[in-house]
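Contents: one structure, followed by commentary.
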Amino acid sequence: MQLNICDFAKMIEFSLVRPDATEEDIKEFCCIIRENNFATACVNPANVPLTAELLRGTDIGISASIGFPFGAHIAEVKILEAKRATEMGATQIDMVINIGALKSGKDKIVFEDIRGVVEAVKDFPVKVILENGFLNNQEKVRGCRIAKEAGASFVKTSTGVESKYLLERNSESIGATVKDVKLMKKTVGNKLKVKASGRIHTLDFALELIKAGADRVGTSKGPQLIREFKERFGDSLG
């Protein structure tokens, strides 16, 4: 695999979606993003206006987390949340699906949930978070197909917030996995992109996910990954 550090940075979606993030936290977060020229700043909707102000004049995307983190919001609420987020400066949307509906076989509800957000934000990319740790392989495939049919731009592995609930179930699938990325890429082909997110804390794992088919890597450890890349490979891998 050949990859230079600038291209690698532009595959990273740096996130700060902690519920206790302060205004000072957002300011520091945006400074780090500008320094590293990451692809995207991922924040909760309430922090979109400040993030947009601080990143004005850059090509860095601003993604709002919609229906976060459980996806169990009423569809109309997700639609309003997404629309308002783009009005306040978001250029992308990361939305959590109705996980219970998917597991119940209510694909129409899942489709309408996604489609409503896609239509509400028009030309802005929508990344659909499947929260794979709660799904079996058949459900992951169905979720990817529904997202594609609904007009999404990406499918995404997880929120990164689900760990507590999956640990209680002794689940083996928490956060992003190479196996899931391969399955998702095989399902959506070139029609949609794949975002790997959740527990991506090392460069080796990030590179494994990219090799498996991830187009973007969502992480709160972006600066550490860039530092490790520079230390090991300099400006270019391969």
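From S153, S173, S220, S236, which residue is of a type in the set (S, T, N, Q), within 30 Å of N4 (Cβ to Cβ) and in contact with a helix residue (DSSP H, G or I) (Cβ under 8 Å, 6 or more places away or on another chain)? Break it down stepwise before answering.
Numbers: S153 fails: in contact with a helix residue (DSSP H, G or I) (Cβ under 8 Å, 6 or more places away or on another chain); S173 fails: within 30 Å of N4 (Cβ to Cβ); S220 fails: in contact with a helix residue (DSSP H, G or I) (Cβ under 8 Å, 6 or more places away or on another chain).
The unique qualifying residue is S236.
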Open item on the list: Restricting to region 94-127, name every residue that is without any contact (Cβ under 8 Å) to a residue 24 or more places away in the chain, among the small types (G, A, S) and outside any loop (DSSP other than H, G, I, E, B).
Closed with: A101
Task: Matching residues in region 66-88 - criterion: being crowded, with 17+ Cβ neighbours inside 10 Å, without any contact (Cβ under 8 Å) to a residue 60 or more places away in the chain and not in a helix (DSSP H, G or I) - done: I66, G67, H73, M88
TODO: Would you please name the residue that is nearest to K140 (Cα to Cα), looking only at residues in region 98-124 that are of a type in the set (D, E, K, R) and modelled with pLDDT of 95 or more?
DONE: K103
Open item on the list: So, in region 12-37, exactly how many residues are buried (at least 23 other Cβ atoms within 10 Å of the Cβ) and either β-branched (V, I, T) or touching a residue at least 40 places away in the same chain (Cβ under 8 Å) (or both)?
Closed with: 5
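Quick grid of which residues meet (1) out of contact with any strand residue (DSSP E or B) (no Cβ under 6 Å at 6 or more places or on another chain); (2) crowded, with 20+ Cβ neighbours inside 10 Å:
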residue	(1), (2)
L102	yes, yes
I129	no, yes
K140	yes, yes
L166	yes, no
K179	yes, no
K195	no, yes
Open item on the list: List the residue pairs whose Cβ atoms are under 6 Å apart, where the first residue sits in region 208-221 and is without any contact (Cβ under 8 Å) to a residue 40 or more places away in the chain, the second is of a type in the set (A, V, I, L, M) and surrounded by fewer than 24 Cβ atoms within 10 Å (Cβ to Cβ), and the two are 6 or more positions apart or on different chains.
Closed with: E208/V178; A212/V178
Open item on the list: Yes or no: region 231-238 includes at least one residue that is crowded, with 16+ Cβ neighbours inside 10 Å, of a type in the set (S, T, N, Q) and in contact (Cβ under 8 Å) with a residue 24 or more places away in the chain.
Closed with: no
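Inspect all residues belonging to region 40-53 and state whether any of them is in contact with a Lys or Arg (Cβ under 6 Å, 6 or more places away or on another chain) and either buried (at least 21 other Cβ atoms within 10 Å of the Cβ) or outside any helix (DSSP H, G or I) (or both).
Going through region 40-53, the residues in contact with a Lys or Arg (Cβ under 6 Å, 6 or more places away or on another chain) turn out to be none.
Scanning region 40-53 turns up no residue that is in contact with a Lys or Arg (Cβ under 6 Å, 6 or more places away or on another chain) and either buried (at least 21 other Cβ atoms within 10 Å of the Cβ) or outside any helix (DSSP H, G or I) (or both).
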Task: region 144-165 - residue that is in a helix (DSSP H, G or I) and of a type in the set (K, R) and, of those, nearest to F124 (Cα to Cα) - done: K148
Task: Selected residue (only one of G222, G218, G198 is over 23 Å from I109 (Cβ atoms) and in contact with a Cys (Cβ under 9 Å, 6 or more places away or on another chain)) - done: G218
Open item on the list: So if I check each of V194, V141, which one is outside any helix (DSSP H, G or I) and among the hydrophobic types (A, V, I, L, M, F, W, C)?
Closed with: V194
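The values are calculated or read from the model by the stated rules, or taken from the named source; none is laboratory data. Everything numeric here is computed off the predicted structure, so don't read it as measured data. Ideal geometry is used to build each Cβ from the backbone, glycine not excepted, and the neighbour counts take in all protein chains shown.
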